[in-house]
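Asks: Right, I'll just put the structure down here and ask away after.
The values are calculated or read from the model by the stated rules, or taken from the named source; none is laboratory data. All values derive from a computational prediction rather than experimental measurement. Neighbour counts are summed over all protein chains in view; Cβ atoms, including those assigned to glycine, are modelled from backbone coordinates with ideal geometry. Keep in mind that these areas ignore ligands, DNA and RNA; they rest on the heavy atoms of the full protein, side chains included. Shrake-Rupley method; radii C 1.70, N 1.55, O 1.52, S 1.80 Å.
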Amino acid sequence: QVQLVESGGGLVQPGGSLRLSCAASGSIFSRYAMAWYRQAPGKQRELVAVITIGSSTNYADSVKGRFTISRDNAKNTVYLQMNSLKPEDTAIYYCAARSIFQSDYAYWGQGTQVTVSA
């Protein structure tokens with residue numbers, strides 16, 4: 001198993017930037033694909049970005065070109081760099097992990113709130 005703890009959320013103005021971090025422990029980080037999800041008030045959870053074991057990436061259309069997911073296996077950490085933030089990016093952001101034996105993301109952090117507002 002892996003335990004995940006997000007940090008870096010907060011209140012930012014539209015057009016601003018924020019970097020989220022997700023620290024992993026309890027297992028071998030490099031053996032997990034990692035993802036960032038978000039859930040806005042009144043909306044379903046949305047997959048934002050994925051980074052695979054091989055470090056390929058995929059993004060939701062809504063964040064493509066603005067967000068960048070990366071991982072540092074030496075630090076057991078995955079990041080989400082968020083630029084050009086919009087009010088519609090406001091959500092609780094969660095990191096998640098899955099091994100190659102899992103079809104879904106089975107391990108989740110507690111979430112960190114991102115609020116984009118003037």
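Asks: For the subset of segment 71-112 comprising residues that are in contact (Cβ under 8 Å) with a residue 60 or more places away in the chain and of a type in the set (D, E, K, R), which member is surrounded by the fewest Cβ atoms within 10 Å (Cβ to Cβ)?
Replies: Ranking the candidates gives Lys86 first.
Asks: Sticking with this one: Output the qualifying pairs, or none if there are none: Cβ atoms under 7 angstrom, residues six or more apart or on different chains, first residue in segment 8-34 and surrounded by 18 or more Cβ atoms within 10 Å (Cβ to Cβ), second residue of a type in the set (Gly, Ala, Ser) and modelled with pLDDT under 95.
Replies: Tyr32/Ser99
Asks: Can you say whether Tyr37 is in a loop (DSSP other than H, G, I, E, B), within 20 Å of Gln1 (Cα to Cα), open to solvent by less than 60 Å² (accessible area, probe 1.4 Å) and of a type outside the set (A, V, I, L, M, F, W, C), as far as the supplied structure shows?
Replies: So Tyr37 does not fit the description; no.
Asks: Sticking with this one: With Tyr37, Tyr59 as the choices, which residue is over 14 Å from Leu18 (Cα atoms) and touching a residue at least 12 places away in the same chain (Cβ under 8 Å)?
Replies: None of the other options fit; the residue is Tyr37.
Asks: Additional query: Could you list, in sequence order, the residues of segment 44-72 that are in a strand (DSSP E or B) and of a type outside the set (Val, Ile, Thr)?
Replies: Glu46, Leu47, Ala49, Asn58, Tyr59, Phe67, Ser70, Arg71, Asp72, listed by residue number.
Asks: Being β-branched (Val, Ile, Thr) and under 15 Å from Gln1 (Cα atoms), is that true of even one residue in segment 73-94?
Replies: Looking through segment 73-94, none of the residues is β-branched (Val, Ile, Thr) and under 15 Å from Gln1 (Cα atoms).
Asks: Those residues that are within 12 Å of Val114 (Cα to Cα) and over 11 Å from the mean Cα position of the chain (by Cα), I need them from segment 40-94; list them, please.
Replies: Listed by number, the residues that qualify are Ala40, Pro41, Leu85, Lys86, Pro87, Glu88, Asp89, Thr90, Ala91.
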